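Have a look at the structure below, then the notes.
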Amino acid sequence: MNTTSVSPEFTTRKATNRTTRRRADGQATAALLIQMATEILSASPTLRQKAGITLTDLSAADKVRKQLLKHGLTTIS
């Protein structure tokens, strides 16, 4: 019978390494996701074809991403 136990040192260390939760920023997150998707789809013609997305669509998405970042920066300042 294989049973694993957690050492007390590990549980203590884990509890003390807890990070504080950062405040969610929906616009910044959306901009990051758009950027990631644009980079992935730009590099993969097969994925673009399967999704029915053109390079023009990716360009338009990048403009939206920039607007999100610009709007987010003006509302924070």
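Overview of results
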item	result
Some residue of the stretch 8-20 being modelled with pLDDT of 60 or more, in contact with a helix residue (DSSP H, G or I) (Cβ under 9 Å, 6 or more places away or on another chain), under 30 Å from GLN67 (Cα atoms) and not in a helix (DSSP H, G or I)	no
Condition broken by THR38, with the remaining ones in (1) surrounded by fewer than 16 Cβ atoms within 10 Å (Cβ to Cβ); (2) at pLDDT 95 or above satisfied	(1)
Only listed residue being modelled with pLDDT of 90 or more, assigned to a helix (DSSP H, G or I) and in contact with a helix residue (DSSP H, G or I) (Cβ under 7 Å, 6 or more places away or on another chain), chosen from LEU47, LEU32	LEU47
Extreme residue, nearest to ILE53 (Cα to Cα), among residues of the stretch 23-41 that are in contact (Cβ under 8 Å) with a residue 12 or more places away in the chain and not β-branched (Val, Ile, Thr)	LEU41
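The values are calculated or read from the model by the stated rules, or taken from the named source; none is laboratory data. Keep in mind that this is a model prediction, so the values were computed, not measured. Cβ sites come from the backbone with ideal geometry, for glycine too, and all protein chains shown count toward neighbours.
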